[in-house]
Amino acid sequence: MTMIPKAFGLIALLVLPLHASTSSGDLLAIRVGKAETISNGTLEHVVILVEDGKIVIIGEDLPIERGIPILDRPDWIAMPGLVSAHTRVGLERSRASSFTPQVTPLREIYPRRDEWMELLELGVTTLGVVPEGNSGVPGQAIAIRPHGDTVEEMLVKEGVYLKVNMQSSSSAKKIIRDAFAKVDKHDKAVEKEHAKWEKAKEKSKKKSSRRSKSKKDDEDKKEEEAKKDEKKPEAKAVSKTFVPPTPTPAVKTFIDLREGRLNAMMSIRKAGDYLHLLDLMKAEESVNYYLRVPLRTDIDLYEVAEELGEHEALVVLNAVITLQAHSRRERNIPAELARAGVSVALTPERDRLGSYEEWMNDVGHLVSRGLDRDTALAAVTLQAARALGLDERLGSLDAGKDANIVFWNGDPLEPASSIQAVMLEGNFVIGEVD
Amino acid sequence: MDRTLCKRLLAGSVALLLATGAALPAFLYPPMVEDDKKEEQEAEEEEDQDKYFAVVGGDVFTGTGGVLRGVTVLSKNGVIEEIGNNVYLPEGTETLDAAGLRVYPGLVALNASTDVTRGLFSAEIKEPKREDILTHLNETLERVIHGHTETPDDGYAEEEDDWEDLDLQAQVAVGGTSKFNDSFDPFSPFMTLALASGITTAEQSGAAVKLKRGEIGDVVMNERNIVSFSWSTQNPSGIRSLREKFKVTREYLALYRAWEARGDKEEKEPAKRGVDTGALRVLQNQALARFRSNDREDLMGIAHFAQENGFRPVIDGCREGWTVADELGRAGAYAILTARDRSPKRETLVRDGGSNIQNAAILHEHGVQVAVKASVGSIESMGISGRDLLHLTVEAAFAVRGGLSNSAALSAITTVPARILGVSERIGSVEVGKDCDLIVTDGDVLHYQSFVQFAVVAGRLVYDKEEELYFAHIRPRPAKPAVAEEVEGVEEDEEGHEEADQEESGSEENDSEEGDEKGEEDKDED
């Protein structure tokens, strides 16, 4: 704990000048030995050109123009900043059941907390923070960067997904069914209102046409209209555009879900839940959803690997080897799912800081037990960014993406490797540079 | 006969369908050429969807008394389509070779713990303490009997950090869908174990739930066939109010039937006020009344009460049933019992009492329909205590030790419980038209040494001993048993006697033969 103030001091010293340089639009070229681009595999002798917080270009042995400052680190390995797709690290937890789809954890975020700095030190540059509550529909997640003096500065994106806890029980299913039923009800109400409005519009048209026929003076008309306005400023005056009745925030969330403006993160607890979920979502084909499955000992998720693969699911798992029920047989569920064609995003084994410290080690462990290495690296970067709807901006080292880069002194999946520097949107927030 | 004629009449793919019987109309009314084509198309379309499964060459113990040697059971979409020797298997039929093995109807477990189909957590967590089993067996029984409504300890107390791992405890049936359907876990390890024990249907708080593995649709067959009442001489007012309940209901029924008979449209239907719906359903023969009783006095009372009211009681427990078996037989009662029940008679009484291993046999002799249940409905200590759900067949075998015939003991875990649950038209025996819920064993199902090799539920192979981690290592299945040839020889001899085999005596003979064989095997092993 004592090292945190120190770290703060360091950053204050180091970051500020860099900050000033990059914000003025200056280029920075970083030359590293290797880069895990995620999108294009592993590159060697890589030059990354960063400007305005974005990666301008990345490639092997690129010539660097004279005058561009160069950071030459041939022993470093660059990879995109880690993304945790589903977390409440450092926040309070509750087991309450709730139905509050409009809630976000924004108010719970306090800037300048030690945890954020520690997460940055661990290479975590983006966090998908979920609202509290582990049954029902607790609300929408937000994406934050663990850096910034105000909540606004920390916020990357609001409403990244709606967290829904789906279990195979009548009550859990009912919550979801009811929510969509309310949307149906609202749609009907809108239709009704629309019909009313059309009628009213026609009526007013008729009236106005009559008026024009009766050849009233323009002045009269104006007077009349003025009178009308005075009498009933809003109530009866037919608006030119149809204003549908505003849905309640909860209903609006589910409308967004149905119309594809919002994704859902369905939290399930076992293989059986997925079949129930498929059954439940048959009626809601337009809804795009990802899955969150907290892996625990004895979980039987491998039973639905094929189904998940068929549906090209994106599943957010924690990086852990589990045991098959009633045995000591190890199951590498992330690997099994990935082999079945499932997109896997990995979070730390447990949702606390200590586990974040072991995150890459745990992922490395999964790799040593059969998980494809590239899949594993994508699982903590690009796939996680996808789950947050930020894969256009984050998750790989590509031109045009945010310059969130973690620099290691060795293979990121090797326990012996350590982080040398962390760049967040073009700024070195961790590490001694120059 | 039919088949050869048909084959002559219709060519190719239409003939495929004939085995299924779907094209029978075409056979009865000689088709025009165009019709023929249509049929053909339809046949093709149908075959695309239809799912065939066949258990080939096993000795089928039908459960209704007959034993069919070396026959094939063909199912179409989960329903048994044909049983016989030269069954035509449509293209794409999935087959299971059961040569040298025995095929039984899937067993029905009464009083099973809801973990079997809900299976949220693994068995270890649910395991009750050892003292519970040893010193407070009765309490354990009570707990298990009434335990269905209890919410289990979710076992996550120690893992405070796993804030996501919490279940919605409320398991309420909502909006017409069955809560058992909604909470059905098709991958529950408990279910696998139940299937490994031959159980393909489990009673879950009165509901008959089919243990479909890997599927969630359509698992509850009937959940409204049992209405529970209590009858205890310890509680005379309870008996009085029960009598009153039935009296009111009887009177209402009399009024209702008279009203119905009059058929007067203007007359109002008699008021249903004060009528107990449970009693009404029992008296209308829509449900069975279940009593949990063990004492002779209670059993007598129930028997008389049932006869007065004209319904057949289901008596769960029935420990002293053997002392009043004739009364229970007269009342047409069903008894659900555990053959290994041990309880001394009350020494203050002169009359017979207490448990008796002959209980099942005596009750059966007097016309009581006997069902056997495991004394504990859950799966505990992975079955080492020997009296949980994994040992349903052993429990039935103890009834055989007490004098019950083999076939009656098989009925006690198949047809009778199916009747009690109101699903006897679907399960309980291997018959054409019934659900294809079968188990394939390597010996007499009641023998302690036998293993369930395969379990088939709704025409799908859901359990294969060699594929599951539980029992694969114990006496692994030989690649192809050398005994198979001998069995085939036997089959040829008996082909002609199939009809005769249907009789119960025939099957018992067979059973005893098999028993002897088993004995020899045992000696060999020694």
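The values are calculated or read from the model by the stated rules, or taken from the named source; none is laboratory data. Please read all numbers here as calculations on a predicted model, not as lab measurements. Positions of Cβ are generated from backbone atoms using ideal geometry, with glycine treated the same way; all protein chains shown enter the neighbour counts.
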With the structure loaded, tell me whether B:ALA258 is surrounded by fewer than 13 Cβ atoms within 10 Å (Cβ to Cβ) and aliphatic (A, V, I, L, M) or whether it fails that test.
yes
Only one residue in A:SER84, A:SER21 is modelled with pLDDT of 95 or more and either in the same structural domain as A:ASN427 (by TED's automatic domain parsing) or buried (at least 18 other Cβ atoms within 10 Å of the Cβ) (or both). Which one?
A:SER84
Checking A:LEU277 against (1) surrounded by 18 or more Cβ atoms within 10 Å (Cβ to Cβ); (2) more than 30 Å from A:LYS188 (Cβ to Cβ), which single condition isn't satisfied?
(2)
Does at least one position in the range A:220-236 carry a residue that is closer than 30 Å to B:VAL219 by Cα, of a type in the set (A, V, I, L, M, F, W, C), modelled with pLDDT under 90 and not in a helix (DSSP H, G or I)?
no
Here the qualifying pairs (Cβ atoms under 8 Å; residues six or more apart or on different chains; first in the range A:359-382 and within 10 Å of A:LEU413 (Cβ to Cβ) and in contact (Cβ under 8 Å) with a residue 60 or more places away in the chain; second charged (D, E, K, R) and buried (at least 24 other Cβ atoms within 10 Å of the Cβ)) come out as A:LEU377/A:GLU36
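One line per residue, one yes/no per condition, for (1) in contact with a helix residue (DSSP H, G or I) (Cβ under 9 Å, 6 or more places away or on another chain); (2) of a type in the set (Ser, Thr, Tyr); (3) farther than 30 Å from B:LEU438 by Cβ:
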{"residue": "B:LEU211", "(1), (2), (3)": "yes, no, no"}
{"residue": "B:ILE216", "(1), (2), (3)": "yes, no, no"}
{"residue": "B:PRO236", "(1), (2), (3)": "no, no, yes"}
{"residue": "B:GLU244", "(1), (2), (3)": "no, no, yes"}
{"residue": "B:THR249", "(1), (2), (3)": "yes, yes, yes"}
{"residue": "B:ALA271", "(1), (2), (3)": "yes, no, yes"}
Are any of the residues in the range B:92-104 over 30 Å from B:VAL445 (Cα atoms) and either in a helix (DSSP H, G or I) or at pLDDT below 55 (or both)?
no
All but one of (1) loosely packed, with under 14 Cβ neighbours inside 10 Å; (2) at pLDDT 90 or above hold for B:THR233, so report the exception by its number.
(1)
Just name the residue that is nearest to the chain's Cα centre (by Cα) out of those in the range B:428-477 that are polar (S, T, N, Q) and assigned to a strand (DSSP E or B).
B:THR441
Restricting the search to the range A:143-192, which residues are free of Cβ contacts under 8 Å to residues at least 60 places away in the same chain and within 14 Å of chain B (Cβ to nearest Cβ)?
A:SER169, A:SER170, A:SER171, A:ALA172, A:LYS174, A:ASP178, A:ALA181
Looking only at the range A:135-165, and only at residues there that are touching a strand residue (DSSP E or B) at 6+ places or on another chain (Cβ under 7 Å) and among the small types (Gly, Ala, Ser), the one that is modelled with the lowest pLDDT:
A:SER135
Looking at (1) over 20 Å from B:VAL376 (Cα atoms); (2) among the aliphatic types (A, V, I, L, M); (3) modelled with pLDDT under 95, find the lone condition where B:ILE302 falls short.
(3)
Could you list, in sequence order, all residues of the range A:317-357 that are in contact with a Ser or Thr (Cβ under 6 Å, 6 or more places away or on another chain) and within 21 Å of A:ALA385 (Cβ to Cβ)?
A:ASN318, A:ALA338, A:THR347, A:PRO348, A:GLU349, A:ASP351
Only one of B:SER293, B:SER228, B:SER205, B:SER237 is polar (S, T, N, Q) and in contact with a Lys or Arg (Cβ under 7 Å, 6 or more places away or on another chain); which?
B:SER228
What residue, among those in the range A:266-280 that are farther than 13 Å from A:ILE176 by Cα and of a type in the set (A, V, I, L, M, F, W, C), is farthest from the other protein chains (Cβ to nearest Cβ)?
A:ILE268
Does the range A:105-124 contain any residue that is away from chain B (no Cβ under 14 Å), in contact with a Leu (Cβ under 7 Å, 6 or more places away or on another chain) and among the small types (Gly, Ala, Ser)?
yes
Heads up, the helices (runs of 4 or more DSSP H) in the range B:322-417 (entirely inside) with at least 1 residues that are under 18 Å from the mean Cα position of the chain (by Cα) are B:359-365, B:392-401, B:406-412
